[in-house]
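Asker: My structure is below; once you've seen it, I'll send some questions.
The values are calculated or read from the model by the stated rules, or taken from the named source; none is laboratory data. Treat the numbers as computed from the prediction; the structure is a model and nothing was measured. Reconstructed Cβ throughout: ideal geometry from the backbone, glycine too, with neighbour counts over all protein chains shown. SASA here: full protein model, heavy atoms, side chains in, ligands and nucleic acids out. Shrake-Rupley method; radii C 1.70, N 1.55, O 1.52, S 1.80 Å.
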Amino acid sequence: VNGSPRASDLQLIAAYTGKVIVGVGLLMLVPLATALACGEWSSAIDFLIGLGIAFTTGCTLALVGATRAKPTWVHGMVTAGVSWLAVMAVAAVPYRLSGHYLSFLDCAFDVMSGFTTTGLTLIQDLDHVSISLNMWRHLLTFVGGQGIIVLALTFLVKDAAGGYKLYVGEAKDERLFPSVFHTARVIWKISLVYLVVGTLALWLAGLFIGLTPWRALLHGLWIYMAAWSTGGFAPMSQNILYYHSTLYEVLTIVLFVVGSFNFALHHAVWSGNRKEVYRNIETASFAGTLTVLTLLACWGLMKLHVYPDAAALFRKGFYQLVSAHTTTGYMTIYARQFALEWGDVALFAVIVAMLFGGSACSTAGGFKGLRIGILFKALVQETRRLLKPGSAVFVQRFHYLGEQTLGEAQVRSAALIVVMYLVIFAFATLVGVLCGIPMLAAAFESASVTGNVGLSIGVTSAAMPAVLKATYIFNMWAGRLEFMAVLATVGFVLSAARRR
Amino acid sequence: MKKGLRSIALVLRDTQMHLGILVEAAFVLALVGAGSLICILFSLG
């Protein structure tokens, strides 16, 4: 887009956004079919209305915006940013109609939390939600993990060049194949294969702990969806604590850690390059930071005698820490236990873990292991440069799907995104403090929304101020899209306003 | 329908994929093992 936005720019953005909305509308067929199969007639009507609104809005935008013009990078970025906001409004309709939310803002919060795989929720009476609404909640987080643009690319967008620009706008710049459509299909294949494996494992675990076969299957499917997408939603208000099972906890750890891996890593390992799993800079960085933060959290917890033995320390301390580091947000303790029992050292470890996050081009949020690894390598390189004579030339290498040489552009890009994360983390912390929340609790919740984690110290509730809900929605959105699409959207809106 | 069944059959016969899943699960279990070891060491004082 050169200069101020023109009508043709708006047309292009409207056309692609319309297709993404139609994609989300198609998704509503799943909870609709569930509602019909389970005889939940009231929920079925909610989803029918939602479906109608999604199709009407999406098709109208696609028709109004129909154009032969080719999208530029800015169009791709703005479309990704706008699409996420548009689908938030459309997908919130069944939530609002369900009667489980106090306001439309709460519904929008939950949809953004689901799509960005954060996992915080403002739902009322979660333990008595209909099967179809639970299906919708978990489906949103599952699809959000892969990306709503990836969904649209799989079924609705046919233009390869435009498709790639949308794909990058959604913070997934890894191309597993030259064709972006082939890449989108492989991402879905990996997730669907794990869906079968994960649901089966959790179903058997559910039977083992005494759930009925039907309930074990539904819970297995939903917990898989939220674990794989590092989402953190669960069908019961006690989250994973509800199951009181070490087996269930270990299975969920495996699923959400694997879910936090880069899709390119899965593809490499599944294609026979199995050494990549431990040679990759992201997994190495994850293993390193997880070990250091586990040591710190365990030290903090044992110093205060929070847990009596190794089993409790593992099931409560380690579980929460891995859940934070993979940005999942599954909990085996109550939210207030963080504030009342954990102490500053362990909370500090969890906050850092939430900000570090999982892998790039995965379902996880946070800074990402790739950027942590690159910044660490850059630090090593600079230290070596300082210690050696000025004429010495240093080449720093790292392994990421093959040997790579560390370049200045990579370091600059990694540092810029980390700084942006820290800026919005500080912003949401400040808003929390201004709303009267204690500093540590505000920082904890801010790290949780910024890193798309979902762990809560008890701040997030339907009773919190609307300004804090809106700030958290912004942080979830900006953190998930990794800023470029958000900055492009804000710039586009400002230049359109200036033109008027 | 036939195409869909054929692609499911291809996935089911994909040995590299099966080994890949096992390797990923083994890596994560090794991390979990290391985490539990740290917990044991700390609880022993």
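Asker: Scan the range A:118-133 and give yes if some residue there is over 28 Å from A:L487 (Cα atoms), of a type in the set (S, T, Y) and either open to solvent by 60 Å² or more (accessible area, probe 1.4 Å) or over 19 Å from the mean Cα position of the chain (by Cα) (or both), otherwise no.
Answerer: yes
Asker: Which of the following residues is on the phi > 0 side of the Ramachandran plot and either assigned to a helix (DSSP H, G or I) or surrounded by 23 or more Cβ atoms within 10 Å (Cβ to Cβ) (or both): A:G317, A:G329?
Answerer: It is A:G329.
Asker: Checking the conditions here, which among A:A297, A:A312 is crowded, with 22+ Cβ neighbours inside 10 Å and within 14 Å of chain B (Cβ to nearest Cβ)?
Answerer: None of the other options fit; the residue is A:A297.
Asker: Have a look at A:F338, A:F394 and point out the one that is farther than 26 Å from A:I148 by Cα, touching a residue at least 12 places away in the same chain (Cβ under 8 Å) and loosely packed, with under 15 Cβ neighbours inside 10 Å.
Answerer: Step by step, each of A:F338, A:F394 is checked, and only A:F394 is farther than 26 Å from A:I148 by Cα, touching a residue at least 12 places away in the same chain (Cβ under 8 Å) and loosely packed, with under 15 Cβ neighbours inside 10 Å.
Asker: Take the range A:18-29 and flag every residue that is open to solvent by less than 60 Å² (accessible area, probe 1.4 Å) and part of a helix (DSSP H, G or I).
Answerer: A:G18, A:V20, A:I21, A:V22, A:G23, A:V24, A:G25, A:L27
Asker: I'd like the residue in the range B:8-45 that is at the interface with another protein chain (Cβ under 9 Å from one of its Cβ atoms) and hydroxyl-bearing (S, T, Y) and, out of all such residues, is nearest to A:I253 (Cα to Cα).
Answerer: Checked the range B:8-45; the qualifying residue nearest to A:I253 (Cα to Cα) is B:S36.
Asker: With the requirement that a residue be free of Cβ contacts under 8 Å to residues at least 40 places away in the same chain and open to solvent by less than 10 Å² (accessible area, probe 1.4 Å), what does the range A:78-94 give you?
Answerer: Scanning the range A:78-94 gives a single hit, A:A92.
Asker: Right, something else. Any idea which of (1) touching a His at 6+ places or on another chain (Cβ under 9 Å); (2) open to solvent by 60 Å² or more (accessible area, probe 1.4 Å) is the one A:M354 doesn't satisfy?
Answerer: Just one mismatch for A:M354, condition (2).
Asker: Let me ask something else. Which members of the range A:32-46 meet the condition of being assigned to a loop (DSSP other than H, G, I, E, B) and either polar (S, T, N, Q) or surrounded by fewer than 15 Cβ atoms within 10 Å (Cβ to Cβ) (or both)?
Answerer: The one that is assigned to a loop (DSSP other than H, G, I, E, B) and either polar (S, T, N, Q) or surrounded by fewer than 15 Cβ atoms within 10 Å (Cβ to Cβ) (or both): A:G39.
Asker: Let me ask something else. Go through the range A:219-267 and give me each residue that's assigned to a helix (DSSP H, G or I), of a type in the set (A, V, I, L, M) and away from every other protein chain (no Cβ under 14 Å).
Answerer: Of everything in the range A:219-267, those that are assigned to a helix (DSSP H, G or I), of a type in the set (A, V, I, L, M) and away from every other protein chain (no Cβ under 14 Å) turn out to be A:L221, A:I223, A:M225, A:A226, A:I240, A:L241.
Asker: Oh, and also: Out of A:S42, A:S4, which single residue is out of contact with any His (no Cβ under 6 Å at 6 or more places or on another chain) and modelled with pLDDT of 90 or more?
Answerer: Criteria check complete, one pass: A:S42.
Asker: Also, I was wondering about something else. Determine whether A:I372 is assigned to a helix (DSSP H, G or I), within 21 Å of A:F256 (Cα to Cα) and open to solvent by 30 Å² or more (accessible area, probe 1.4 Å).
Answerer: yes
Asker: Now, a different point. Look through the range A:182-218, keep the residues that are among the aromatic types (F, W, Y) and within 14 Å of another protein chain (Cβ to nearest Cβ), and return whichever of them is surrounded by the fewest Cβ atoms within 10 Å (Cβ to Cβ).
Answerer: Among them, the one singled out is A:W188.
Asker: Would you tally the residues in the range A:166-205 being more than 16 Å from A:S229 (Cα to Cα) and at pLDDT below 95?
Answerer: Selection size over the range A:166-205: 16.
Asker: Report, by residue number, each residue of the range A:300-309 that is among the hydrophobic types (A, V, I, L, M, F, W, C) and either within 10 Å of another protein chain (Cβ to nearest Cβ) or under 31 Å from the mean Cα position of the chain (by Cα) (or both).
Answerer: Those that are among the hydrophobic types (A, V, I, L, M, F, W, C) and either within 10 Å of another protein chain (Cβ to nearest Cβ) or under 31 Å from the mean Cα position of the chain (by Cα) (or both): A:L301, A:M302, A:V306.
Asker: Any idea which of A:L255, A:L251, A:L293 is touching a Gly at 6+ places or on another chain (Cβ under 6 Å) and under 23 Å from A:V350 (Cα atoms)?
Answerer: Only one candidate qualifies: A:L255.
Asker: Of everything in the range A:47-62, what is small (G, A, S) and surrounded by 15 or more Cβ atoms within 10 Å (Cβ to Cβ)? Give them in sequence order.
Answerer: A:G50, A:A54, A:G58, A:A62
Asker: Right, another one. What about A:L102, is it within 19 Å of A:I148 (Cβ to Cβ) and surrounded by fewer than 24 Cβ atoms within 10 Å (Cβ to Cβ)?
Answerer: no
Asker: Now a separate question. Within the range A:343-359, does at least one residue satisfy the condition of being at the interface with chain B (Cβ under 8 Å from one of its Cβ atoms), under 30 Å from A:R397 (Cα atoms), in contact (Cβ under 8 Å) with a residue 24 or more places away in the chain and in contact with a helix residue (DSSP H, G or I) (Cβ under 8 Å, 6 or more places away or on another chain)?
Answerer: For the range A:343-359, residues at the interface with chain B (Cβ under 8 Å from one of its Cβ atoms), under 30 Å from A:R397 (Cα atoms), in contact (Cβ under 8 Å) with a residue 24 or more places away in the chain and in contact with a helix residue (DSSP H, G or I) (Cβ under 8 Å, 6 or more places away or on another chain): absent.
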